[in-house]
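One structure is given below, encoded as structure tokens.
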Amino acid sequence: MFVVGLTGGIGSGKTAASDYLASLGITVVDADLASRVIVEPGQPALAAIEAHFGAEVIAADGTLDRRALRERVFADPEQRKALEAITHPAIGAEIMRQLQASRSPYTVLVSPLLLETSQHRMAQRILLIDVPEALQVARTTSRDEVPAAQVEAIMAAQMPREEKRARADDIVVNDGDLSHLQAQLDTLHARYLEMARA
């Protein structure tokens, strides 16, 4: 099982990159989607969250009240650690289950926090979708209709761009149009197919 970990900062184009690789027949496992699956009603992680944080973080329909939980953990680092202790092992197990189910020549694991968490250990290769910071801000403000200051605060909380660049095996600079991004990915796709065969 050959896994390429794909990461990048907010507004870098991770989704455009992973969607394109998926169009080439590559299985994409999304860490963000896995984090949602593990807190669905009936899942052990949701029961553990309710046991720790109380019924007020569960909505009337039995789903997780993300806003209520976010308010609890945002204000208290100890509570955030408690939440991570519940969710991170479950997310890791769900990602691993999806990776093992993949039948494509190689599999892409997309995670915005790939390098900040232990998720990078699941990948044999790290692909960074990189973009100049000014472009990150411009793209995210227009896409999400949020103020630039909010985007800059998110970027400041993420691993610094230079550190990500230093830890990546492969870097795609996504500062042009979609065809520019796809041309770089075509080259890497061919290389990953060879690596997976080897």
Could you give me the residue pairs with C-beta distances under 8 Å whose first residue belongs to the stretch 40-66 and is surrounded by 15 or more Cβ atoms within 10 Å (Cβ to Cβ), whose second residue is in a helix (DSSP H, G or I) and among the acidic types (Asp, Glu) wherever it lies, and which are 6+ apart or on separate chains? VAL57/GLU50; ILE58/GLU50; ASP65/GLU56
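Looking at THR117, THR140, THR107, can you tell me which residue is surrounded by fewer than 18 Cβ atoms within 10 Å (Cβ to Cβ) and of a type in the set (Val, Ile, Thr)? Step through it out loud before you land on a result.
On the way: THR140 fails: surrounded by fewer than 18 Cβ atoms within 10 Å (Cβ to Cβ); THR107 fails: surrounded by fewer than 18 Cβ atoms within 10 Å (Cβ to Cβ).
Selected residue: THR117, the only one of THR117, THR140, THR107 that is surrounded by fewer than 18 Cβ atoms within 10 Å (Cβ to Cβ) and of a type in the set (Val, Ile, Thr).
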Pairs under 6 Å by beta carbon, first residue under 17 Å from LYS14 (Cβ atoms) in the stretch 178-190, partner among the acidic types (Asp, Glu) and surrounded by 13 or more Cβ atoms within 10 Å (Cβ to Cβ), six or more apart or different chains? LEU188/ASP170
Going through ILE126, ILE95, ILE86 one at a time, which residue ends up being under 30 Å from GLU40 (Cβ atoms), among the hydrophobic types (A, V, I, L, M, F, W, C), out of contact with any strand residue (DSSP E or B) (no Cβ under 8 Å at 6 or more places or on another chain) and modelled with pLDDT of 95 or more? ILE86
Reported set for the stretch 78-92 where residues are among the aliphatic types (A, V, I, L, M) and either without any contact (Cβ under 8 Å) to a residue 24 or more places away in the chain or buried (at least 19 other Cβ atoms within 10 Å of the Cβ) (or both) is LEU83, ALA85, ILE86, ALA90, ILE91
For the stretch 38-65, enumerate the residues that are among the small types (Gly, Ala, Ser) and either touching a helix residue (DSSP H, G or I) at 6+ places or on another chain (Cβ under 7 Å) or not in a helix (DSSP H, G or I) (or both). GLY42, ALA45, ALA48, GLY54, ALA59, ALA60, GLY62
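The values are calculated or read from the model by the stated rules, or taken from the named source; none is laboratory data. Just so it is clear, the model here is predicted, and its values are computed rather than measured. Heads up, the Cβs are rebuilt from the backbone with ideal geometry, glycines too, and the neighbour counts pull from every protein chain shown.
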